[in-house]
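Heads up, the thing below is written out as structure tokens.
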Amino acid sequence: MGLKSLAVVILAATGVGQSPPPALPEGPGKELVEAVCTACHTLERVVAKRATKAEWQDKVLEMLQEDPDITQQERDQIVDYLAKAFPPKVAGK
Ligand code: HEC
């Protein structure tokens, strides 16, 4: 293998050129959101949104209606996490 192709292999292996996924804040449910909510789109969709708990509940229900494998307990954890991590920008009080 020549030097040039070796460089290509190294670049490919280290993922140079790929932008990193948006970081989610730490908290219970984070791994669940990362695993479940990336099935159809990237996390950019998720982190761009701000909503109340009720709105997140509706959204998660809508997103996961065709995925019966996610248990109610997992859905609750996802909603709790999202409501805490991505609340509305203007407090509705
Ligand atoms: C079954 C596929 C699927 C899964 C799983 C999924 N989504 Fe989506 N999501 C979509 C599609 C398709 C769109 C684009 C539809 C649109 O723009 O209204 C979208 C758009 C979005 C949007 C932006 C549009 C809006 O209404 O604000 C948000 C936020 C979002 N998803 C959050 C989530 C979260 C949170 C999860 C995990 C609980 C999730 N999605 C899992 C399919 C999915």
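The values are calculated or read from the model by the stated rules, or taken from the named source; none is laboratory data. Predicted model only: the values in this text are computed from it and were never measured. Positions of Cβ are generated from backbone atoms using ideal geometry, with glycine treated the same way; all protein chains shown enter the neighbour counts.
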Practice task
Scan the stretch 58-79 residue by residue and report those that are assigned to a helix (DSSP H, G or I) and touching a residue at least 24 places away in the same chain (Cβ under 8 Å).
Solution key: 63, 64, 74, 77, 78, 79
Exercise for the section: Name the one entry in 3, 43, 64 that is more than 10 Å from the ligand (Cβ to nearest atom) and either modelled with pLDDT of 95 or more or not small (Gly, Ala, Ser) (or both). Expected result: 3
Practice task
Could you figure out which of (1) within 16 Å of residue 33 (Cβ to Cβ); (2) exposed (fewer than 10 other Cβ atoms within 10 Å of the Cβ) isn't true of residue 89?
Solution key: (1)
Practice task
For residue 49, state whether it is within 10 Å of the ligand (Cβ to nearest atom), surrounded by 11 or more Cβ atoms within 10 Å (Cβ to Cβ) and at pLDDT 95 or above.
Solution key: yes
Practice task
Please work out which one of (1) surrounded by 14 or more Cβ atoms within 10 Å (Cβ to Cβ); (2) part of a loop (DSSP other than H, G, I, E, B) is the condition residue 84 fails and give its number.
Solution key: (2)
Problem - Among the candidates 31, 55, 26, residue that is modelled with pLDDT of 95 or more, outside any helix (DSSP H, G or I), more than 8 Å from the ligand (Cβ to nearest atom) and not small (Gly, Ala, Ser) - result: 26
